[in-house]
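Input: a single structure, listed below in structure tokens.
The values are calculated or read from the model by the stated rules, or taken from the named source; none is laboratory data. Here the structure is a predicted model, which is why all the values come from computation and not from measurement. When we count neighbours, we look across all protein chains shown, and the Cβ atoms used for this are built from the backbone with ideal geometry, even at glycine.
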Amino acid sequence: MKPAPFAYHAPASATDAVALLDSFGDEAKVIAGGQSLAPMLALRLAVFDQLVDVGRIGELRGISRANGTVRIGAATTQATIGASRDVAEAVPLLARATPLIGHFQIRNRGTIGGSLAHADAAAEYPAVALALDAVVETLSPRGARSIPAAEFFTGIWTTALEPDELLTAVEFPVWGSPASAGTGGTGGRPPGRYRGFAVEEFATRRGDFAIAGAAVAVELSGGDGDRAGGGAVRRCGIGLFGLGPTALRATAAEAAVTGAPAGEISAEEVGAAAMAGLDSVASDTHGPAAYRTRVGAAVVAAAWRRAVREANGD
């Protein structure tokens, strides 16, 4: 099929893009890489009279690191993020989620801003943003706004963005230190915060949307008293995808492990806690809700194990 007729606009700046959105209102839709929007337009699942292309706006691209955060422009491609040394060192969870997004052709065009604004429930980046307490930056005729990821995803393919508001960047806090940075020949670790990250997902085929997935970040205390089994959990973030109408955060599971010695925490219990009370899991063509809930618990447990092992330097 072919999309319904639309007018195409290619503004030169973010300010120009916002002016167009303000002028056209609900008739307009932002497009960057188009990897999600273009198929929906072709199938006429979405129809817009005006398309505002922000993919060529230079100020919306780029990766910078400063003051304990990594800021990524909304039009930065997923391929660029996957190849970034700054992202790999400072935000490993984002780097590890990137190769799981579709195929390399999609990542060459798809953007981080597009993924977050599209808010697909089975997408990896929204879950990573939730787990890491990312902040979404926007611009509208009323000025700039910063939206915590926890408040950004509101429902099925919907976000807190207003019709005249443009997503301009995403800011990720840098967690702790790599466990290898503090290890020494005595087997102990100096006091500090040691981090571990993992993304696990289950899909029918590699590159398909996940039936269930989890992004886990964990930060452990360090020191000589923590040699056996790792330190206490100082901070934990668990983002879930493919298990609800939008990306979710397993806050009950996070609260259950925070403050406890990592060596005494069962990965299976973390998985079960993440799924407990989660009434958003629905039956679909992949299986009944009970099956998908079991898969969700399993991927959370697997991601937890990997993240804790990394935080312990294993």
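Of the strands (runs of 3 or more DSSP E) lying entirely inside segment 1-101, those containing at least 1 residues that are more than 17 Å from THR111 (Cβ to Cβ) and of a type in the set (D, E, K, R) are 63-66.
Selection within segment 259-270: residues that are assigned to a helix (DSSP H, G or I) and touching a strand residue (DSSP E or B) at 6+ places or on another chain (Cβ under 9 Å). The member of this set that is modelled with the lowest pLDDT is ALA262.
Okay, residues lined up against (1) surrounded by fewer than 20 Cβ atoms within 10 Å (Cβ to Cβ); (2) under 17 Å from ALA169 (Cβ atoms); (3) of a type in the set (Asp, Glu):
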| residue | (1), (2), (3) |
| --- | --- |
| ALA17 | no, yes, no |
| PHE24 | yes, no, no |
| VAL30 | no, yes, no |
| LEU37 | no, no, no |
| MET40 | yes, no, no |
| VAL54 | no, yes, no |
| GLY58 | yes, yes, no |
| GLY62 | yes, yes, no |
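Within segment 237-283, the set of residues being under 17 Å from GLU201 (Cα atoms) and acidic (Asp, Glu) comprises just one member, GLU268. The set of residues from segment 245-258 being of a type in the set (A, V, I, L, M, F, W, C) and not in a helix (DSSP H, G or I) comprises ALA247, LEU248, ALA250. Screening VAL47 with (1) surrounded by fewer than 18 Cβ atoms within 10 Å (Cβ to Cβ); (2) of a type in the set (A, V, I, L, M, F, W, C); (3) in contact (Cβ under 8 Å) with a residue 40 or more places away in the chain; (4) farther than 24 Å from PHE153 by Cα gives one miss only, at (4).
Let's see how each residue does on (1) under 25 Å from THR158 (Cα atoms); (2) assigned to a loop (DSSP other than H, G, I, E, B); (3) of a type in the set (Gly, Ala, Ser):
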residue	(1), (2), (3)
CYS236	no, no, no
LEU243	yes, yes, no
ALA272	no, no, yes
LEU278	yes, yes, no
TYR291	no, no, no
ALA297	no, no, yes
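For segment 63-91, the tally of residues that are closer than 21 Å to ALA123 by Cα and small (Gly, Ala, Ser) stands at 8. The test for being out of contact with any Pro (no Cβ under 8 Å at 6 or more places or on another chain) and closer than 15 Å to GLY196 by Cβ holds for ARG306.
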